[in-house]
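Encoded as C-alpha cells, the structure appears first; notes follow it.
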C-alpha cells in the first residue's frame, strides 16, 4: 500500500470521476485507475463501483474512507513539519484558491513570501469554493482561499480568516428594464433568460437561493465570470457578479444593479484546518494575507 494510492482513491470518490481525480492530482487517468485497482487487490475488497455516471464508493470504501483521509492528512502534516524545521528555508506550500483570490490578493502576497523565502515552492490549484473547502478538509492542501455568502454555514473543522468583503449584483444589458433601478429582487428575475454558473461556484448557490421561488429560464451555463459578462453584453441573458472580482464593473453595455437581500454579501476568506499544528510556512502565509487585506494606517 502506498500513500499515492490512498490519495487517488480519496480524490476519485470525492469527485465521482477518475478523470476529474486525475486532472486534480496532475496524473493520467490510467494511473488513477490502475493504482486504485492495486489498492483493492492489496486490501482484498472492492472499493469503487463504476457506471456511466462515474464512480461511487462501495460499503467497504465508506467504512475505510475516514481512515484513508486521516492517513493522507498525517502524511502531509509530517512532511510539512519536516520542512518547518528548516525555518522556511525550503518547503512547498500547497494552496487551493478561487479565481477571485488569484485576481486580487494572491499576487502581492506570493511576491512578498517569495522575496522573504525564495526557496519556498507554491503548488496552487484553482477552482470553486466547494473544491477549496473539501481539499483543505481532506489534507490535499495546506490552506485555501474561498468565498462564502451571507447564508452559508461555515465548516466546524476549518478556521476562517476573513480578508475582503464584496456584494452580489445583477448584470444586465444597459437597455434592460431594471437597468435604472436602485436595487432588484427575486421577482425581477422571473422568466428572464439567465446566464447561470456551474456547480461549486458561490454564484451558482446565490442564483439558486435567489430564484428558488420564481420561474427560471436558464439559457447558458458557464464557470467563468468574464464569460458570463460577455454573454450579458451580447444580450443572451442576465447574470450575477461579485464585486470582489476586479472584472465586475459597469461599462461596455453592462449595468450592475445591487441585489436587495440581506445575504447578498460575499466574503473572501483564508481557511486552514483546526485540528492540527500549522507549519511555519502556513503561519507566515496567513500573516501576509492579513497584512495585505488590512494594511496598517499611516
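The values are calculated or read from the model by the stated rules, or taken from the named source; none is laboratory data. Note that the structure is a prediction, hence the values are computed from the model and not measured. We place every Cβ from the backbone using ideal geometry, glycine too, and count neighbours over all the protein chains shown.
Here are a few things to note about the model shown:
- Exactly one residue out of 167, 176, 140, 114 is in contact (Cβ under 8 Å) with a residue 40 or more places away in the chain and farther than 29 Å from residue 235 by Cβ, and it is 140.
- Members of the stretch 26-37 that are within 23 Å of residue 200 (Cβ to Cβ) and either touching a residue at least 60 places away in the same chain (Cβ under 8 Å) or surrounded by fewer than 18 Cβ atoms within 10 Å (Cβ to Cβ) (or both): 26, 27, 29
- Checking each residue in the stretch 141-183 for being outside any strand (DSSP E or B), in contact with a helix residue (DSSP H, G or I) (Cβ under 7 Å, 6 or more places away or on another chain) and surrounded by 15 or more Cβ atoms within 10 Å (Cβ to Cβ) picks out 141, 142, 155, 178.
- Residues that are in contact with a strand residue (DSSP E or B) (Cβ under 9 Å, 6 or more places away or on another chain) and assigned to a helix (DSSP H, G or I) were ranked within the stretch 112-133; the one that is surrounded by the fewest Cβ atoms within 10 Å (Cβ to Cβ) is 114.
- Selection of the stretch 268-277 for residues being surrounded by fewer than 19 Cβ atoms within 10 Å (Cβ to Cβ) and under 23 Å from residue 130 (Cα atoms) yields 274, 275, 276.
- Screening the candidates 14, 50, 38 for the property of being closer than 21 Å to residue 135 by Cβ and either out of contact with any strand residue (DSSP E or B) (no Cβ under 7 Å at 6 or more places or on another chain) or part of a loop (DSSP other than H, G, I, E, B) (or both) yields one hit, 14.
- Any hit, the stretch 61-72, residues being within 30 Å of residue 93 (Cβ to Cβ) and not in a helix (DSSP H, G or I): no
- Within the stretch 184-194, the set of residues being surrounded by fewer than 19 Cβ atoms within 10 Å (Cβ to Cβ) and part of a strand (DSSP E or B) comprises 193 only.
- Meets criteria (buried (at least 22 other Cβ atoms within 10 Å of the Cβ), over 30 Å from residue 259 (Cα atoms) and not assigned by TED's automatic domain parsing to the domain that holds residue 256) for residue 136: yes
- Scanning the stretch 41-54 for residues that are modelled with pLDDT of 90 or more and either surrounded by 11 or more Cβ atoms within 10 Å (Cβ to Cβ) or in contact with a helix residue (DSSP H, G or I) (Cβ under 8 Å, 6 or more places away or on another chain) (or both) yields 42, 43, 45, 46, 47, 48, 49.
- The listed residues are 289, 210, 240, and the only one of them that is crowded, with 17+ Cβ neighbours inside 10 Å, within 24 Å of the chain's Cα centre (by Cα), outside the structural domain of residue 171 (by TED's automatic domain parsing) and within 30 Å of residue 161 (Cβ to Cβ) turns out to be 289.
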